[in-house]
Amino acid sequence: MDRPGPWGTGNGWVVAGIARALRLAPEWPGPLRAELAGHAEEVLTACLAYRGADGLFPDVLDDPAAFREANTAQLLGYAALTGVADGWLPRSWYDVGADLLAAAGRRVDGYGRVTGVSGAPDFAAPGISPEAQACHLLGHAALRSAQDSLSPG
């Protein structure tokens with residue numbers, strides 16, 4: 001897919017991929033882990049600047065006229081919560097991650113589908129996608145992991 005601007009979902013996949021890699025490769029050397037964690041936090045922070053009052057993001061982050069998109073919030077929420085659970089992001093990211101998931105959750109329809117995401121198959125217009133459904137499940141699993149990591153005992 002050729003996207004002319006900073007695609008929200010693409011940025012979300014970057015941080016989600018980093019979060020997943022850090023979780024699955026604990027043997028990676030400390031300097032590499034720190035560099036990746038720092039990059040993820042930098043991208044998370046940069047994306048949040050484009051978050052709207054509804055908690056979601058424009059499909060193209062710097063284009064306020066782009067359609068409102070929910071999967072970006074899910075991906076960023078997953079990364080933030082995974083970072084908290086795994087200890088490479090501070091606890092302050094927990095509230096951000098949980099709020100991002102909640103914003104996307106307001107887009108779940110009566111059939112359990114996350115709507116208003118970059119829709120399959122070309123991801124150029126709002127719709128639904130299997131990827132967004134998977135991100136919804138991953139995000140909520142990360143929320144539980146983060147809650148467990150913050151619970152005493």
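What does the charge count around Leu150 come to, taking other residues whose C-beta lies under 14 Å from its C-beta (Lys +1, Arg +1, Asp -1, Glu -1)? All intermediate terms of the calculation are to be shown ahead of the outcome.
On the way: positive: Arg91, Arg144; negative: Asp86, Asp95, Asp148.
After counting each charged neighbour, the total is -1.
Over all Cα pairs of segment 52-116, how is the pair count split among 10 Å bins, expressed in % and running from 0 up to the last occupied bin?
Binned Cα distances yield the sequence 24, 45, 28, 4.
Build a GNM of the chain with springs between Cα atoms under 10 Å: which of Gly105, Gly83, Gly17 gets the top mean-square fluctuation?
Gly17
Could you check the simple spin-label distance between Arg106 and Asp148, using points 7 Å along Cα→Cβ, in nm with one decimal?
3.0
Which cross-chain or sequence-distant (5 or more) residues have an amide H under 5 Å from the amide H of Thr115, H modelled 1.01 Å from N in plane?
Correct list: Val108, Asp109.
Starting from the Kirkwood Rh over alpha-carbon pairs, what translational D in µm² s⁻¹ does segment 42-153 have by Stokes-Einstein at 4 °C and 1.567 mPa s?
On the way: Rh = 14.0 Å.
D, rounded to a whole number, is 92 µm²/s.
With viscosity set to 1.002 mPa s and temperature to 20 °C, compute the Stokes-Einstein D of segment 1-52, Rh being the Kirkwood radius across alpha carbon pairs; µm²/s, no decimals.
Working: Rh = 12.0 Å.
Answer from the Stokes-Einstein relation: 178 µm²/s.
Work out the charge dipole of segment 25-153 with +1 on the Cβ of Lys and Arg and -1 on the Cβ of Asp and Glu about the Cα centre, then indicate which of Leu138, Gln74, Ser151 is farthest towards its positive end.
The residue sitting farthest along the positive end of the dipole is Ser151.
Provide the net charge surrounding Ser92, with neighbours chosen by a C-beta distance below 14 Å and charges set as Lys +1, Arg +1, Asp -1, Glu -1.
Working: positive: Arg91; negative: Glu41, Asp95, Asp99.
After counting each charged neighbour, the total is -2.
How much accessible area per residue does the chain have, counting only protein heavy atoms and a probe of 1.4 Å, in square angstrom? The partial results should precede the final answer.
Working: 7410 Å² over 153 residues.
Computed with neighbouring chains in place, this is 48 Å² per residue.
Over the chain, with a Gaussian network built from C-alpha contacts below 10 Å, which listed residue (Asp122, Asp62, Asp54) shows the highest mean-square fluctuation?
Asp122
Kindly rank 39-48, 128-137, 23-32 from highest to lowest mean number of other beta carbons found within 10 Å of each residue. The partial results should precede the final answer.
Numbers: 39-48: 16.9, 128-137: 18.4, 23-32: 9.8.
Put in order of decreasing packing, that is 128-137, 39-48, 23-32.
5 Å is the cut-off here: which amide hydrogens, built 1.01 Å from N in the peptide plane, fall below it relative to Glu69, excluding neighbours closer than 5 in sequence?
For Glu69, whose amide H was placed from the backbone, the distant partners under 5 Å are Phe57, Asp59.
Residue by residue, what Karplus-based ³J(HN,Hα) values in Hz, rounded to whole numbers, does segment 56-72 have, using 6.51, -1.76 and 1.60 with θ = phi - 60° and x for Gly and Pro?
Values, residue by residue: 10, 10, x, 3, 9, 3, 9, 10, x, 7, 5, 5, 6, 10, 9, 5, 4 Hz.
With n ≥ 4 as the cut-off for DSSP H runs, can you work out [θ] at 222 nm for the chain, using -39500 (n - 2.57) per run divided by the number of residues, rounded to the nearest 500? Spell out each step's value before the answer.
Values: 5 runs with 87 residues, N = 153.
After summing the helix terms and dividing by residue count, I get -19000 deg cm²/dmol.
The values are calculated or read from the model by the stated rules, or taken from the named source; none is laboratory data. For clarity, every value in this text was computed on a predicted model and none was experimentally measured. Every residue, glycine as well, gets a Cβ built from its backbone with ideal geometry; the counts of neighbours run over all protein chains shown. Note: accessible area is taken over every heavy atom of the protein model, side chains too, but ligands, DNA and RNA are not part of it. Shrake-Rupley method; radii C 1.70, N 1.55, O 1.52, S 1.80 Å.
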